[in-house]
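Below you'll find the structure, written out as structure tokens, and then a few comments.
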Amino acid sequence: AKLQNTGSTQPSTIRHEARATAPLSFTQQRFWFLDQLEQGHPLYNEWTAVRLSGALDVAVLEQSMQELVRRHAALRTTFGVHDGEPEQRIAPSLAVPLQTIDLQTLPVETRQDEAERLASAETQRPFDPEQGPLFRATLFQLAAQEHILLLTFHHILIDAWSATVLYRELGARYRAL
């Protein structure tokens with residue numbers, strides 16, 4: 001943590017995001033413990049799929065996503081053990097690639113089914129809390145102006161309320177860029 005000297009007798013401000021490690025919250029401890037019991041299990045994967053219709057600038061979408069990762073320490077966090085205690089390890093930066101899968105070469109009538117099959121497989125892929133990243137993004141291109149964006153997180157990072165905030169911010173960043 002960085003302490004800021006304000007020159008007064010008031011308590012210093014602690015900037016948690018500047019820390020390289022941090023203790024786990026109670027909820028994170030619970031998910032970390034459960035993950036240790038069932039390593040490699042996708043039970044704690046959270047995901048959402050969004051259909052995007054219209055012109056899409058994939059480079060801007062990826063840039064928007066990277067800005068989200070830069071702004072939110074949780075998306076750069078992995079989990080390890082130090083002196084027998086679990087801890088959050090916050091990377092100063094992290095590139096989370098946008099995997100793009102082009103399904104346009106398939107017959108039109110099979111594209112949606114193939115996207116659903118691949119998305120289902122992706123949401124079942126486990127995360128490694130020690131290695132990370134604990135966030136993945138996949139873009140399925142069904143047609144020139146028809147895409148599905150799949151975002152998958154380990155639940156130790158994010159809950160449904162937080163995910164909603166991130167999705168809104170991603171959309172706002174995309175529109176701004």
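The values are calculated or read from the model by the stated rules, or taken from the named source; none is laboratory data. Everything quoted here is computed from the prediction, not taken from an experiment. With ideal geometry, Cβ positions are generated from the backbone for all residues, glycine too; neighbour counts draw on all protein chains shown. Note: areas computed on protein heavy atoms with side chains; ligands, DNA, RNA excluded. Shrake-Rupley method; radii C 1.70, N 1.55, O 1.52, S 1.80 Å.
The candidate values are (1) 40; (2) 24; (3) 33; the one derived from this structure for percent of Cα pairs over 28 Å apart carries the label (3).
According to the square roots a ≥ b ≥ c of the eigenvalues of the Cα gyration tensor, what is the shape class of the range 34-120, taking rounded for a/c under 1.5, prolate for a/b larger than b/c otherwise, and oblate for the remainder? Cα axes put the range 34-120 in the oblate bin.
With all protein chains kept in place, the per residue accessible area of the chain amounts to 59 square angstrom at a probe of 1.4 angstrom.
With a sphere of radius 15 Å drawn around the Cβ of Q104, what net charge do the other residues whose Cβ falls strictly inside it have (Lys, Arg +1; Asp, Glu -1)? Local net charge: -4. Quick one: with all protein chains in place, what share of the accessible area of the chain is carbon or sulfur, to the nearest percent (1.4 Å probe)? Ligands and nucleic acids excluded, carbon and sulfur reach 53 percent.
The separation of the range 48-82 from the range 99-177, counted between C-alpha centres, amounts to 10 Å. Summing Cβ point charges (Lys, Arg +1; Asp, Glu -1) relative to the Cα centre of the range 96-177 gives a dipole of roughly 300 debye.
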